[in-house]
């Protein structure tokens, strides 16, 4: 269902781009905006993983430097039938985590020291399984495509600002063009955020399938909800454009589940996971997680 919803949202954004492009820039302006946006995001697709890890001062760990955490990720990756990702730790008190990389073969997962201090092994397994589900679902590619179309729409709005649409051929007129310049990027941003929220729900379910127990992730989300209000994530505040990558919004004061957030409401996510646990007849968050847990992916 979430895959179908993502497809509909992507189709809606593509249709929005085509309609706005033709009205504001004609076929030439539309193609120019798309080419520039593709070029910009092509660079980001190939380099954003390293850039984001560097932004957050993430340090890579291995079996020698962090045996328990590395081994946990390795077990989960094996269960999900994924190549072993690079593993990073971020020295932040705020409990949080994210995944990055252009595909499963070039993926990386990162967790804060606050997350590892706050959660049990089972809860940590739930969180890292969620991040591996993002990798398995190729959500980085989905969000890159989304960003490309959204960037093209914003560029068309800039073209309209400088060139006034298509002059006398513009059916919108001056007022319509000005309104479209303001509303088009906003509409694209709303669809982009809706896609991001949809992918979070899909990763929650995929993470539950990988680790074997939805209640582990539900318990983890309950513990780390609102972490941005308690612990300031300094690098995230300096780079708010990366906020959508984290399992919980790392920015302070943004916990509402509305059109302008990149993350679903945490209570709603927990409720979905608890419903999934009921469907699987799991009543308690069993302890002593192992890669051969109660449900195989």
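Within the range 207-240, the residues that satisfy the criterion of being outside any helix (DSSP H, G or I) and surrounded by 24 or more Cβ atoms within 10 Å (Cβ to Cβ) are 212, 213, 233. Scanning the range 50-68 for residues that are part of a helix (DSSP H, G or I) and buried (at least 20 other Cβ atoms within 10 Å of the Cβ) yields 52, 53. Checking 147, 243, 160 one by one, the residue that is assigned to a helix (DSSP H, G or I) and either at pLDDT 85 or above or over 14 Å from the mean Cα position of the chain (by Cα) (or both) is 160 and no other.
If you go through the range 49-66 and keep only what is over 16 Å from residue 143 (Cβ atoms) and either in contact with a strand residue (DSSP E or B) (Cβ under 7 Å, 6 or more places away or on another chain) or in contact (Cβ under 8 Å) with a residue 12 or more places away in the chain (or both), you end up with 53, 55, 56, 57, 58, 59, 60, 61, 62, 66.
One residue stands out among those in the range 69-89 that are more than 19 Å from residue 142 (Cβ to Cβ) and touching a residue at least 60 places away in the same chain (Cβ under 8 Å): the one that is surrounded by the fewest Cβ atoms within 10 Å (Cβ to Cβ), which is 81. Residue 34 meets the stated requirement of being within 22 Å of residue 194 (Cα to Cα), surrounded by 13 or more Cβ atoms within 10 Å (Cβ to Cβ) and at pLDDT 70 or above. Among the residues making up the range 89-119, a single one is closer than 16 Å to residue 75 by Cα and assigned to a loop (DSSP other than H, G, I, E, B): 107.
The values are calculated or read from the model by the stated rules, or taken from the named source; none is laboratory data. Model, not experiment: these values are computed from the prediction. Every residue, glycine among them, receives a Cβ derived from its backbone with ideal geometry; neighbour counts consider all protein chains shown.
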